[in-house]
Amino acid sequence: MSTDNKMSVFEDVWLQVFSLLLIVSGIFSLHYMLRPAQAGQQPAPPVSLPAAVQPALARGTPLAEVLPALAHTAAPVTAAAPPEAAPEKPADPRTPGRWVVGNDGNAAINCASLGDAVARAADGDSIVIRPGTYEVSVLTSKSLTISGGGRTPGEVELTNPLNPTFAVSGGRVVMQNLTLTNSSQVDYWALSVSRAALVLRNVNIRSSGKGLRLLGADLEASDCAIEAGAAVAVSGKSRVKLTSVSLTGRVIGISMQDSSADLQLDNSRVSGGGGAGLRVSDGAWARISGTTISGNRYAGIMVASGAEVRVSRSQLTGNGECGAYIEENGKLVLEKVTLTRNKCGVGFAGAGSLEARGNKFSDNTLGAVAVSPLQGDKALITGGGNSGLLVPGEKRAAAKKRPIEEDVESEE
């Protein structure tokens, strides 16, 4: 071989090696640039050619034939995917607590007394009271549900002989299926609620003095029985809705006194009281429907001091004085009401107004309406279509026909 040929071969080999190193260096640089930047990176390891390519280069195989093999063996270069963020755990809402009060050794009991349960409970918790009689005097401002664990309200009794039995001063309290009593001699309330909301379901209240007081509070009561000297007293900005409730007040059944007080009484009974069944005064409002007010020693309803009472589809019967009394600019509206066996149907003890439509007045000792002689010109009566009551200005049907008949006879 000539010297020129040898030099040509060496030049070709070095050219191929130099080209291969350039390619490998380019691949390494590209891989380095695509790697995610990291603080404190370690130096890259030295690059080594794949084992399948090295013998071919040693034999002087042209670079053009080596490149396909290099392409097959080289791992593809891809950008690293960013790490996935860990999914946020959903907020775990607090499960309301359940407290069980009892003294009968039941395994579910976790509170020795109602006072202990109320103190440990948080807003939204429920308290279940096992059957039995418990002497309590509790005050709470929490929102709680308190339930008797017996089959009837009488199986769980909360009572106190010296202090108020239960008081609510905030929040919303639901009581159901239990009895509250108070036997103190100083007229404490069995249940007192101020600036709060109270729901009573199937609850009985009995007190030697006072039953239920509401002061600037909201009440919804259904299927309840209340018996006390003063069964229910309402004042302040209060909204009261009583449905299927039986009330007996030895002095008064329900007392409403405040221009912001509003009562709705449906399908209930107010009876057997020593005074008035219902007294509404000082601008208060009352709406009564489907209710019987009977057997009260004084009046069934008293409306006074600018108050307004609307009664529909109800009965005012067997009350010692009148079915209803109006005084001091009170307003009474009666629609489809039966007033029977009272001393009088409606009595005016002072200035006021009566609107009567479609009512039935019968068997009232002093008649449908009795007006005090000193207030006769201050009693306003309007309406019509009543049985047993002819309002001023209303003419009987027969009275309209008689003058026509007389005119016909005179012409003959």
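Cβ contacts < 6 Å: first residue closer than 23 Å to residue 195 by Cβ, restricted to segment 228-257; second residue part of a strand (DSSP E or B) and among the charged types (D, E, K, R), any location; separation 6+ or different chain. Result?
228/210; 230/210; 233/213; 239/218; 239/262; 241/220; 255/279
Which of (1) part of a strand (DSSP E or B); (2) of a type in the set (Asp, Glu); (3) over 24 Å from residue 96 (Cβ atoms) does residue 220 not meet, given it meets every other one?
The one condition residue 220 does not meet is (3).
Is it true that residue 199 is surrounded by 20 or more Cβ atoms within 10 Å (Cβ to Cβ), at pLDDT 95 or above, in a strand (DSSP E or B) and not polar (S, T, N, Q)?
No; evaluated as a whole, the condition is false for this residue.
Okay, residues lined up against (1) assigned to a strand (DSSP E or B); (2) touching a residue at least 40 places away in the same chain (Cβ under 8 Å); (3) under 18 Å from residue 182 (Cβ atoms):
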position: 109; (1), (2), (3): no, no, no
position: 122; (1), (2), (3): no, no, no
position: 127; (1), (2), (3): yes, no, no
position: 142; (1), (2), (3): no, no, no
position: 150; (1), (2), (3): no, no, no
position: 164; (1), (2), (3): no, no, yes
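Go through (1) under 43 Å from the mean Cα position of the chain (by Cα); (2) at pLDDT 95 or above; (3) in a loop (DSSP other than H, G, I, E, B) and name the single condition residue 333 misses.
Only one criterion in (1) under 43 Å from the mean Cα position of the chain (by Cα); (2) at pLDDT 95 or above; (3) in a loop (DSSP other than H, G, I, E, B) is unmet by residue 333, namely (3).
Kindly provide the set of residues from segment 265-295 that are of a type in the set (S, T, N, Q), under 16 Å from residue 312 (Cβ atoms) and in contact with a Gly (Cβ under 7 Å, 6 or more places away or on another chain), ordered by number.
267, the sole residue that qualifies.
Would you point out which residue out of 255, 244 is on the phi > 0 side of the Ramachandran plot, assigned to a strand (DSSP E or B) and modelled with pLDDT of 95 or more?
Only one candidate passes the filter, namely 244.
Quick test of your reading of the structure: residue 187 fulfils all but one of (1) among the acidic types (Asp, Glu); (2) assigned to a loop (DSSP other than H, G, I, E, B); (3) at pLDDT 95 or above. Name the failing condition by number.
Condition (3) is where residue 187 drops out.
Before we move on, is residue 349 within 19 Å of residue 263 (Cα to Cα) and assigned by TED's automatic domain parsing to the domain that holds residue 263?
Here the answer is no, as residue 349 does not meet what is asked.
Please enumerate the residues belonging to segment 280-314 that are out of contact with any Asp or Glu (no Cβ under 8 Å at 6 or more places or on another chain), assigned to a loop (DSSP other than H, G, I, E, B) and hydroxyl-bearing (Ser, Thr, Tyr).
Matches in segment 280-314: 314 only.
Restricting attention to segment 177-193, which residues are touching a strand residue (DSSP E or B) at 6+ places or on another chain (Cβ under 6 Å) and surrounded by 17 or more Cβ atoms within 10 Å (Cβ to Cβ)?
Listed by number, the residues that qualify are 177, 178, 179, 180, 181, 182, 188, 189, 190, 191, 192, 193.
Within the bounds of segment 318-328, is there any residue that is surrounded by 15 or more Cβ atoms within 10 Å (Cβ to Cβ) and over 19 Å from residue 275 (Cβ atoms)?
Scanning segment 318-328, I find no residue that is surrounded by 15 or more Cβ atoms within 10 Å (Cβ to Cβ) and over 19 Å from residue 275 (Cβ atoms), so the answer is no.
The values are calculated or read from the model by the stated rules, or taken from the named source; none is laboratory data. A quick note: this is a predicted structure, and the numbers were derived from the prediction, not measured. Because the Cβ atoms are built from the backbone with ideal geometry, glycine has one as well, and the counts that use them run over all protein chains shown.
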